[in-house]
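Quick notes on the structure that follows.
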Amino acid sequence: FVRLCYGPQANFDANKTNHMNNVRRNFAKLEAWLAPASSEPGAKRKRDEGSSLYLLKTSTPTPADFHLFEMIDQHMTFASSHKIDFDVTTEFPNLGRLHEAIKRDPKLKAAYFDSDAASYPINNPQANFFLDSLL
């Protein structure tokens, strides 16, 4: 994502399409990891049984979950700003649930989402991410 945001502008359109294809491929792996273990005989276990939404099966989000939340959020914002069809809740429902759970977490809401930090620009204004708004 950094290479896309700060790389050469010349191939930005082709690169953003390739990047989003890679995002979908990687998000599919994370989606499978978050899926509950299958009860089908002989099915591969994706993770241990349990009802946790989080990567490490904890009852509260960890730094890894918050990092994943930011990656999901940044790619949703990126796709929207560049008119790319990308709906995490439809394509990746487990990731969508994790994203929503973190947004609703009362401790994170008070410490982050209601603070100035939540409004900082993604990857700074000089990144290609915001190029359209600078022209």
- Query: In terms of solvent-accessible area of protein heavy atoms at a 1.4 angstrom probe, what is the ranking of LEU30, LEU56, highest value first?
  - Reply: LEU56, LEU30
- Per-residue accessible area, 1.4 Å probe, largest first, puts ARG97, ARG24 in the order ARG97, ARG24
- Message: Rolling a 1.4 angstrom probe over the protein chains, ignoring ligands and nucleic acids, what is the accessible area of PHE78 in square angstrom, nearest 10?
- Response: 0 Å²
- Task: Using the Karplus curve 6.51 cos²θ - 1.76 cosθ + 1.60 with θ = phi - 60°, work out ³J(HN,Hα) for each residue of region 73-78 in order, rounded to whole Hz, and write x for Gly and Pro.
- Result: 4, 5, 6, 5, 5, 4
- Item | Rounded to the nearest 10 Å², the accessible area of HIS19 at probe 1.4 Å | 30 Å²
- List, in order, the whole-Hz ³J(HN,Hα) value for each residue of region 101-108 obtained from phi through the Karplus relation with A = 6.51, B = -1.76, C = 1.60 and θ = phi - 60°; use x for Gly and Pro. 4, 5, 4, 8, 4, x, 5, 6
- From largest accessible area down, sort THR17, THR62, THR90; use a 1.4 Å probe on the protein chains. THR90, THR17, THR62
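The values are calculated or read from the model by the stated rules, or taken from the named source; none is laboratory data. Quick caveat, the model's predicted, so the values are computed rather than measured. SASA here: full protein model, heavy atoms, side chains in, ligands and nucleic acids out. Shrake-Rupley method; radii C 1.70, N 1.55, O 1.52, S 1.80 Å.
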